[in-house]
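A quick write-up on the structure given underneath.
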Amino acid sequence: MCIKCDLRKRSETIKPVYIFLQKEDRAAASLPPEWQELEAKGFYPDLVERARAHAAYAAQRGRTANAQATLAVIGHSFAVRFDTASYPNATNPLSRQVLAALDELADFYGDRVPSIVWHSFAHIALRENPTEEQSILREAGGGKLPAHYTIVDSCLHAAGLVYTFMLHVQSVFQQRTGMVLNHNCDCNCSLVSVEACSTPTMAFSPARSNVAGMTASLLTHLLAETWKLQEDCLPFAYGISEESAAIQALLKPRGRFIAESV
């Protein structure tokens, strides 16, 4: 019997709990000053709506502190374009190639992708040993990360959830550096050479008509990932990886996350 037929015989016992925000909930949600300024300047309504939905979701659950701090960082990074001049010490050939890749991507997506996404990628690629897997948790609190580790990690997770976006990122990285970005669930990140992972040469760029939908999805996933990390401590609450104790220590006391500036 084929696997597909065998799976059909299994009874479903999963009972999801569906809680949906109403339009009124989103409309009543307050946004931090960074988003209020964006909205006043006519920023993209679809992105503002997603920020407001995140604020409303948190308010509905009585946990607004982390959500507001997170939105403040992301709102600020929407207003500040990614600038390679932020990395004056990146002088070796690989560093210059990485920055060229990120500059190309930032130019393509413009102000529809917050600059913290590009800074999060830059942090991985511009480490002293970029091909060595290291956890961003080991760097949290030491001033090395471009923002609070939960936001950096959420940027990396969200990018992978929007498949077309990540294909484009990897394609540009591969063409510029001969390498691709690697990030796994334990927050271990690195660059990986295409020879080592047997990745064929990639040449992929999304249609301009798809950019709005892709970037709106990226922001939605980015905000959802921050909730998982900050409020539910997932996936570290499972206590399996060696990072679990470190992550839970960083999250205490719960509800007192203070975002760092980009």
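The values are calculated or read from the model by the stated rules, or taken from the named source; none is laboratory data. The structure displayed is predicted, hence computed values, not measured ones. Every residue, glycine among them, receives a Cβ derived from its backbone with ideal geometry; neighbour counts consider all protein chains shown.
When every residue of region 106-121 is checked against the conditions, none turns out to be in contact (Cβ under 8 Å) with a residue 12 or more places away in the chain, surrounded by fewer than 18 Cβ atoms within 10 Å (Cβ to Cβ) and not in a helix (DSSP H, G or I).
Condition (residue is part of a loop (DSSP other than H, G, I, E, B) and at pLDDT below 85) applied to region 175-185: is it met by at least one residue?
Filtering region 175-185 for residues part of a loop (DSSP other than H, G, I, E, B) gives 178, 184-185.
Now drop any that are not at pLDDT below 85, which leaves 184-185.
Among the residues of region 175-185, at least one is part of a loop (DSSP other than H, G, I, E, B) and at pLDDT below 85, which makes the answer yes.
Has region 117-124 got any residue that is aromatic (Phe, Trp, Tyr), at pLDDT 90 or above and touching a strand residue (DSSP E or B) at 6+ places or on another chain (Cβ under 9 Å)? Yes, some residue in region 117-124 is aromatic (Phe, Trp, Tyr), at pLDDT 90 or above and touching a strand residue (DSSP E or B) at 6+ places or on another chain (Cβ under 9 Å). Would you point out which residue out of Asp25, Asp6 is over 15 Å from Leu219 (Cα atoms), in contact with a helix residue (DSSP H, G or I) (Cβ under 9 Å, 6 or more places away or on another chain) and in a helix (DSSP H, G or I)? One residue alone meets the criteria, Asp25. Exactly one residue among Ile19, Ile74 is surrounded by fewer than 12 Cβ atoms within 10 Å (Cβ to Cβ) and within 23 Å of Leu229 (Cα to Cα), and that residue is Ile19. Mind listing whichever residues of region 140-153 are at pLDDT 80 or above and either touching a helix residue (DSSP H, G or I) at 6+ places or on another chain (Cβ under 8 Å) or acidic (Asp, Glu) (or both)? Of everything in region 140-153, those that are at pLDDT 80 or above and either touching a helix residue (DSSP H, G or I) at 6+ places or on another chain (Cβ under 8 Å) or acidic (Asp, Glu) (or both) turn out to be Lys144, Leu145, Pro146, Ala147, His148, Tyr149, Thr150, Ile151, Val152, Asp153.
Against the condition assigned to a helix (DSSP H, G or I), buried (at least 16 other Cβ atoms within 10 Å of the Cβ) and on the phi < 0 side of the Ramachandran plot, how does Ala55 come out, does it pass?
Working: assigned to a helix (DSSP H, G or I): yes; buried (at least 16 other Cβ atoms within 10 Å of the Cβ): yes; on the phi < 0 side of the Ramachandran plot: yes.
Yes: the conditions hold for Ala55.
For Ala72, the requirement of being assigned to a helix (DSSP H, G or I), within 17 Å of Leu218 (Cβ to Cβ) and not acidic (Asp, Glu) is not met. The single residue among Ala147, Ala158 that is in contact (Cβ under 8 Å) with a residue 12 or more places away in the chain, closer than 19 Å to Glu225 by Cα, in a helix (DSSP H, G or I) and of a type in the set (A, V, I, L, M) turns out to be Ala158. Among the residues here, Ser171 qualifies as in a helix (DSSP H, G or I) and modelled with pLDDT of 90 or more.
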